[in-house]
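Chemist: Structure in C-alpha cells, see below.
The values are calculated or read from the model by the stated rules, or taken from the named source; none is laboratory data. A quick note: this is a predicted structure, and the numbers were derived from the prediction, not measured. Please note: Cβ atoms are built from the backbone with ideal geometry, for glycine as well, and neighbour counts cover all protein chains shown. To get the accessible areas, we keep the full protein, side chains included, count just its heavy atoms, and leave off ligands, DNA and RNA. Shrake-Rupley method; radii C 1.70, N 1.55, O 1.52, S 1.80 Å.
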Amino acid sequence: MAAINSVTDLSLDGDIAVLTVNSPPVNALSAAVRDGIKEGMEKAGADPNAKAIVLICDGRTFIAGADITEFGKPPSGASLPATQAAIENAPKPVIAAIHGTALGGGFEIALMAHYRVAVPSAKVGLPEIKLGLIPGAGGTIRLPRLVGVEKALDMITSGTQIGAKEAQASGIIDEIVEEGKLREGALAFARKVIAEKRPLKKIRDQNAKIEAARGRSEIFDNFRKANARKFRGFEAPEQAIKSVENAVNMPFDEAMKTERQMFLDLLKTNQSAAQRYVFFAERQVTKIPDVPDDTPTIPIKRVGVIGAGTMGGGISMNFLSAGIPVTIVEMKQDALDRGMKVMRGNYENTAKKGRMTQGDVETRMGLLSGTLELEKLADCDLVIEAVFENMDIKKDIFRKLDGIVKQGAILATNTSYLNVDEIASVTKRPEFVIGLHFFSPANVMRLLEIVRGDKTSKSVIATCMQLARKIGKIGVLVGVCHGFVGNRMLAQRQREAQKLILEGAMPWDVDRVLYDFGMPMGPFAMSDLAGLDIGWSKQTSSSSTIREILCEMDRRGQKTGAGFYDYDENRRAKPSPVVEKIILDFAQKKGVNRRKISDDEILERCIYPMINEGAKILEEGKAIRASDIDIVWINGYGWPVYRGGPMFYGETIGLDKVLAKMKEFEGKMGDDFKPSPLLAKLAGEGKGFKDAKVGAG
Ligand code: 3HC
C-alpha cells in the first residue's frame, strides 16, 4: 500500500485500484481526506494497470459527512466540489464501497461514483437539515435523479437514514455484498463491471425521474403544506424544497451552483450555528469529568417502579421497550389494574399506527408484573419511586426499600423538586441513592435529569448514564437544588408569565409570543394541558391567585373544557372573555394599574430571568456546563433547537445586552431580576458561558 497522505492509501489488487480512507473516528471529510481522495483518484485514473477504482473506508464507517469542526474556518485543502469532480471524471469505473453510515458529504461523495455497493447493515442519508443546512455538494440535485422527487424531499427534509435494502430498492445502491466482506464484494463487483464493459454511469445524466415532476409545482406545494407544522420556524427545510425544485426545473450545473450558494448562506445563519452547537452539546453531555468512561457499572437486569400512575407507567414502558423486565407496585388493586391497562393501551395505539406489531405489544407486556407488595422488589437491580411529591411519603418508602431491596441495588427517586440528599439520608446506602427525573409523558420525552446526591457513587452515576442511553434517553447529570435544572429555570418563566397578565398582558398574548419564539406552546396553554389543579385543593383555596379563582370555578384546564382558555369539543383553544374579566377584576382588586405590554417585553421578561437562573446554576456547580442546560431545555421542554437552548440564545443576544436588560428590570421591578454574579462577570469580560469554569453536583 502506498500512502497518499496521513489519512488515505492507494493500492492495487490485481487490476483494481483500491483507495482507502482512514481518518478516525468517522472518516469525516477534512482537508486531508479531501486532498487524499482527489490525489488518489487522479493517480489511480492515470495508472495504466488499474481498470477500475474502489473507494472504501477503514474503521467503523464510510465517510460520515463534511468535517463539522471545519465550518466557519478559512478554507484549506482541495475543495469538496473539486474532490467530487475527480471521482466523477475518472476515466474508469469508480465503485464506492459503503459500510456504517454514508452521510451528508460522505453520501454525496458516494453519489459521484459510477456504482455503489454496500453491506446489509450500511445506511445512507443526508442529515444536513439537522444542522440547519441543506446538502451542499449535490445531494439535493443528484438524489432526486435516483429516487424521484417525493422520496428525495422526504429524505432531505427529515435527515433520516435509510438501510441498504431500501437504498437498493430505490436505486441508490447497485449491489448488496456479504456482511464483513465489503472489500472482497466490491472487488468482485468491480471485476464484473470491467468484464461486462459497463458504462461510467453519472447520476448527473439520469433525468427520467425528475422529468416526471417537471412543471408539477403542486408536488412541492403539497409537501410544504403536509409538513408545515414540522417545519415551523426552521429556515433550512424551505431551502431544501426549493433546491429539489431547482433540480427538477434548472439545468444541472445551474441547480448545483444555486444549491452551493444556499448551503453557504445557511452556514452563516444563527439557526445553523445553534444546531451545530446542539450536535456537539449532545455528545458532550455524556462526558463527566470525574466519572471516567471505564468506571464500573452495575448490571440492570430487573427494574422496580413504585406507582402505576401516569409517571410510573410511562417510566416502566421505557424499560419494557428496551427488553428489561419491570415489577410495578401500587397500593390498591384497582389503581394497579388501571395503570397496567393504560400501558397496554399506549402500546396498542402505537401498534394501530403501524409502529409496532401486536406481537411486540405482547412481548413488552409479558415483561411486566404488577404487585401490591413492596417485598416483591427484593431482587431488583434498580427501583424507581414515582409517587406523590411529598417528602414524608418518599422518606417512608425509601426507609422500607432500604430494608427490602438487595444490597448493591440502586434506589432512585423521580422527584421533580425535592432534596435527593434528604431522601438518601434515611437509608443506610446513600451512595446507591440517585434522582432519575423523567419528563412527562415519560415514555416519549427524551430528557432524563440524573440527579447526583452528595454521596451518590460514581459507579451509580455511570450506570444511570449508560442506562439512559439504553432506553433511548439523553441523560443529563445535575446537582441537588430546588427543581434541579429544568424546573428551577421554568419557575422563573412561570413567575413572570403570572406577573405579566396582572400588569397588562392577557394569557394568549404571552402564549403567542412564546409560541412564535418557537416553543411548542406558551405557559398558559401548558397549564391548561397539565391541569390547573395540580397541587391545588378546594379546602385551602382562597381566591388569592388567578389560578385559584379558575380552579374554584371548576375551570381546571382542558380536561374540564375550560381553564385560561375556553375549549370547543375538539379541544381547540379560544381566548376566554370570562378569564379576561377575572384578570381585570383581580388586577383592580390588587390595585394594579394595567398598561400596554409590548411583545418584546413579554419575551425578555420570560426568557432573560431563565438565562440568569441558568448562570446561577452554573455558578453553584449544579450543571457541568452551559450546553448541558441547553440540552435539558431542548429535550425536556421543547425549546426550539434552532435557537440552541436558553444559554446559547443568551450568547446570540449578547450577554452584555441580557445583563443590561436584567439591570433595567431590577431597577423597575426589584430582586426577581437581580443579575447573577457569573452573568455580570462574563458580560463584563466579553466572554460566553462556555468560558465559565464550573463543576458538577
Ligand atoms: N464532523 C466532525 N466530527 C464528527 C462528525 C462530523 N461530520 N461526525 C461525528 N463526529 C465526531 C463526534 O463529534 C464524536 O466526537 P467525540 O468522540 O469527540 O465526541 C465522534 O465523531 C463520534 O461520533 P458519535 O459519538 O456521534 O458516534 P456514533 O457512532 O454514535 O455516530 C455518526 C456516528 C452516525 C456518524 C454520527 O456521528 C453522526 O450523525 N455524525 C454527523 C453526520 C452529519 O451530520 N453529516 C453531515 C455533515 S454536513 C455535510 O456533510 C455538508 C455537506 O453537504 C457539504
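Chemist: Where residues in the stretch 1-32 are in a strand (DSSP E or B) and of a type in the set (Val, Ile, Thr), which of them is nearest to the chain's Cα centre (by Cα)?
Modeler: Here the residue is VAL21.
Chemist: Moving on. So ALA692 passes all but one of these: (1) touching a helix residue (DSSP H, G or I) at 6+ places or on another chain (Cβ under 9 Å); (2) at pLDDT below 95; (3) surrounded by fewer than 17 Cβ atoms within 10 Å (Cβ to Cβ); (4) not polar (S, T, N, Q). Which condition number does it fail?
Modeler: Just one mismatch for ALA692, condition (3).
Results for (1) at pLDDT 95 or above; (2) within 13 Å of the ligand (Cβ to nearest atom); (3) of a type outside the set (Lys, Arg); (4) open to solvent by 20 Å² or more (accessible area, probe 1.4 Å), shown as yes or no for each residue.
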residue	(1), (2), (3), (4)
PHE62	yes, yes, yes, no
THR69	no, yes, yes, yes
THR83	yes, yes, yes, no
ASN89	yes, no, yes, yes
ALA102	yes, yes, yes, no
ALA118	yes, no, yes, no
LYS123	yes, yes, no, yes
PRO127	yes, yes, yes, yes
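Chemist: Turning to a different aspect of this structure: Listed residues GLU496, GLU548; which is in a helix (DSSP H, G or I) and open to solvent by less than 10 Å² (accessible area, probe 1.4 Å)? Spell out how you get there, then give the answer.
Modeler: Details: GLU548 fails: open to solvent by less than 10 Å² (accessible area, probe 1.4 Å).
Testing whether each residue is in a helix (DSSP H, G or I) and open to solvent by less than 10 Å² (accessible area, probe 1.4 Å) leaves just GLU496.
Chemist: Can you tell me which condition GLY40 does not meet? The list is (1) away from the ligand (no atom under 15 Å from the Cβ); (2) part of a loop (DSSP other than H, G, I, E, B); (3) under 15 Å from VAL7 (Cβ atoms), and all the others hold.
Modeler: Exception for GLY40: condition (2).
Chemist: Quickly run through the stretch 261-295 and pick out the residues that are aliphatic (A, V, I, L, M), open to solvent by less than 30 Å² (accessible area, probe 1.4 Å) and either in contact with a strand residue (DSSP E or B) (Cβ under 6 Å, 6 or more places away or on another chain) or assigned to a helix (DSSP H, G or I) (or both).
Modeler: MET262, LEU266, ALA274, VAL278, ALA281, VAL285, ILE288
Chemist: With ARG344, ARG283 as the choices, which residue is out of contact with any Lys or Arg (no Cβ under 8 Å at 6 or more places or on another chain), without any contact (Cβ under 8 Å) to a residue 24 or more places away in the chain, closer than 24 Å to ILE461 by Cβ and of a type in the set (Lys, Arg)?
Modeler: On the way: ARG344 fails: closer than 24 Å to ILE461 by Cβ.
Selected residue: ARG283, the only one of ARG344, ARG283 that is out of contact with any Lys or Arg (no Cβ under 8 Å at 6 or more places or on another chain), without any contact (Cβ under 8 Å) to a residue 24 or more places away in the chain, closer than 24 Å to ILE461 by Cβ and of a type in the set (Lys, Arg).
Chemist: With respect to ARG183, determine if the residue is in the same structural domain as GLU128 (by TED's automatic domain parsing), out of contact with any Ser or Thr (no Cβ under 6 Å at 6 or more places or on another chain) and assigned to a helix (DSSP H, G or I). Break it down stepwise before answering.
Modeler: On the way: in the same structural domain as GLU128 (by TED's automatic domain parsing): yes; out of contact with any Ser or Thr (no Cβ under 6 Å at 6 or more places or on another chain): yes; assigned to a helix (DSSP H, G or I): yes.
Yes: the conditions hold for ARG183.
Chemist: Which residue is modelled with the lowest pLDDT, if the candidates are limited to the stretch 303-326 and must be open to solvent by 10 Å² or more (accessible area, probe 1.4 Å) and in contact with a Ser or Thr (Cβ under 7 Å, 6 or more places away or on another chain)?
Modeler: If we take residues in the stretch 303-326 being open to solvent by 10 Å² or more (accessible area, probe 1.4 Å) and in contact with a Ser or Thr (Cβ under 7 Å, 6 or more places away or on another chain), then THR310 is modelled with the lowest pLDDT.
Chemist: Within the stretch 28-50, how many residues are of a type in the set (D, E, K, R) and either farther than 22 Å from ALA90 by Cβ or touching a strand residue (DSSP E or B) at 6+ places or on another chain (Cβ under 7 Å) (or both)? Steps first, answer last, please.
Modeler: Applying the first criterion (of a type in the set (D, E, K, R)) to the stretch 28-50 yields 34-35, 38-39, 42-43, 47.
Those still in the list that are either farther than 22 Å from ALA90 by Cβ or touching a strand residue (DSSP E or B) at 6+ places or on another chain (Cβ under 7 Å) (or both) too: 35, 39, 43, 47.
Qualifying residue count for the region: 4.
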